[in-house]
Structure formats: C-alpha cells, structure tokens
1. Counting only trypsin sites (Lys or Arg not before Pro) that sit in a DSSP loop (anything but H, G, I, E, B) with at most 10 other Cβ atoms within 10 Å, what is the longest stretch of the chain containing none of them?
2. Nearest 5 percent is fine: what portion of the DSSP beta bridges confined to the chain is antiparallel?
3. Relative to the longest principal Cα axis of the chain, at what angle does helix 53-62 sit, 0 to 90 degrees, rounded to 10?
4. Need the list of aspartates and glutamates near LYS14 for cross-linking: C-alpha distance under 20 angstrom, and skip anything on the same chain fewer than eight residues off.
5. Can you tell me the orientation of helix 31-40 relative to the chain, as the angle in degrees between its alpha-carbon axis and the longest Cα principal axis, to the nearest 10?
6. Read through the labelled values (1) 1.07; (2) 1.23; (3) 1.48 and report the label of the one computed as Cα Rg over 2.2 N^0.38 Å from the structure.
7. Take the solvent-accessible surface of the protein heavy atoms, probe 1.4 Å, and return the percent of it on the chain that carbon and sulfur atoms account for.
8. Rounded to the nearest whole Å², what accessible area per residue is found for the chain with the 1.4 Å probe?
Amino acid sequence: MRALAVIPARGGSKRLPGKNIRDFAGKPMLAWPVEAALKSGLFETVMVSTDSEEIAAVARAAGASVPFLRSAET
C-alpha cells in the first residue's frame, strides 16, 4: 500500500526569510525532502502544503503536487 507524503512549507519565516527556496548544495532547500520522498518509493503522491506561490512553484519544479494554497491563518 502506497501512501501520501505531506510536506509543510510555510512562507514568511521570521528567523531565516525565504529558507524553503534558498539554494543549498545546488538546489532549493525544499527540493531535498521532496526528492527524497519521491525516490523512496513509499509514496504514491508527495504533496507540499504552503501559503506561498513562490514556494509552490519550487515544489512543483521538484516534482511535488501542490493542489491548493492554504490561507495564511492555517
């Protein structure tokens, strides 16, 4: 049975602004967990939950699904 992986990635970090999209070892930080989940073979879908269109674009480029943007309150 394959499952769903949900990776939360909130925009607007106070300590390290833009951390999810910052380059780390040649790719955005968010790409690392997305690619690891995809390569594991454990998940049918890897979804990123975010409130930022910029983070959503990075997640999609890494191969994740971003079916919606959540509200800033959630």
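The values are calculated or read from the model by the stated rules, or taken from the named source; none is laboratory data. Everything numeric in this text was worked out from a predicted model, so none of it was measured. Counting neighbours? That spans all protein chains shown, and the Cβs are built from the backbone with ideal geometry, glycine included. The accessibility values were calculated without ligands, DNA or RNA, using every heavy atom of the protein model including side chains. Shrake-Rupley method; radii C 1.70, N 1.55, O 1.52, S 1.80 Å.
1. Details: sites that count: ARG2, LYS14, ARG15.
Here the longest run is 16-74.
2. Details: 2 of 11 bridges.
Expressed as a percentage, antiparallel bridges in the chain total about 20.
3. 30 degrees
4. ASP23, ASP51, GLU53, GLU54, GLU73
5. It is inclined by approximately 10 degrees.
6. So the structure-derived entry is (1).
7. On the way: 2850 of 4850 Å².
Carbon-and-sulfur percentage of accessible area, whole number: 59.
8. 66 Å²
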